[in-house]
1. Compute a Gaussian network model of the chain, connecting alpha carbons closer than 10 Å, and tell me which residue from GLY31, GLY71, GLY97 fluctuates the most.
2. Which shape class, rounded, prolate or oblate, goes with the range 15-108 when its Cα gyration tensor gives a ≥ b ≥ c as root eigenvalues, a/c under 1.5 marks rounded, and past that a/b bigger than b/c marks prolate?
3. In the chain, what percent of the accessible surface is made up of carbon and sulfur (1.4 Å probe, ligands and nucleic acids excluded)?
4. Taking DSSP loops as anything outside H, G, I, E and B, show the longest stretch in the chain free of GluC sites (Glu not before Pro) there with at most 10 other beta carbons within 10 Å.
5. ASP20 to GLU44: FRET efficiency via 1/(1 + (r/R0)^6), r the Cβ-Cβ distance, R0 41 Å, to the nearest 0.05?
6. Can you give me the accessible area per residue for the chain, using a 1.4 Å probe, in Å²?
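The values are calculated or read from the model by the stated rules, or taken from the named source; none is laboratory data. Treat the numbers as computed from the prediction; the structure is a model and nothing was measured. Don't worry about glycine lacking a Cβ; one is built from the backbone with ideal geometry, like all the others, and counts go over all protein chains shown. Just the protein is used for accessible areas: all its heavy atoms, side chains included, with ligands, DNA and RNA removed. Shrake-Rupley method; radii C 1.70, N 1.55, O 1.52, S 1.80 Å.
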Amino acid sequence: MYLLKTNNPNSLYQLAESLDPIQDFTHCDLGSLNSLQLIELCDEAAAWIAKEPIVFDEENGLAIFEFSSSGVVWLLNHSVALHRWNADVAALSALDGAGGTLYVVDTF
């Protein structure tokens, strides 16, 4: 799962074909953590994923949703818990300071 920021939501559609362009975004790799595990880790996490998915590709197992900035704050405050999923905790700070809308990219 990844968190990323962009000012151009249309650019997210390229991720449906391949995750390689994720490097073009300010992003944080949350390692093997997925959205279900995040909800188990924090009950509030279900509210961090907003609206309908921007991209939902069941065939390739990819979903992209808007994500609340309060979720990033919680992750920053509980970064020790993310180590078991090999999350790039250092990238959370850069993500928090970047401009744009925040999205979560989840694979399943």
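1. GLY97
2. rounded
3. Carbon plus sulfur share of accessible area: 46 percent.
4. With a cap of 10 other Cβ atoms within 10 Å, the longest stretch comes to 1-57.
5. Once the sixth-power term is evaluated, E becomes 0.80.
6. That works out to 54 Å² for each residue.
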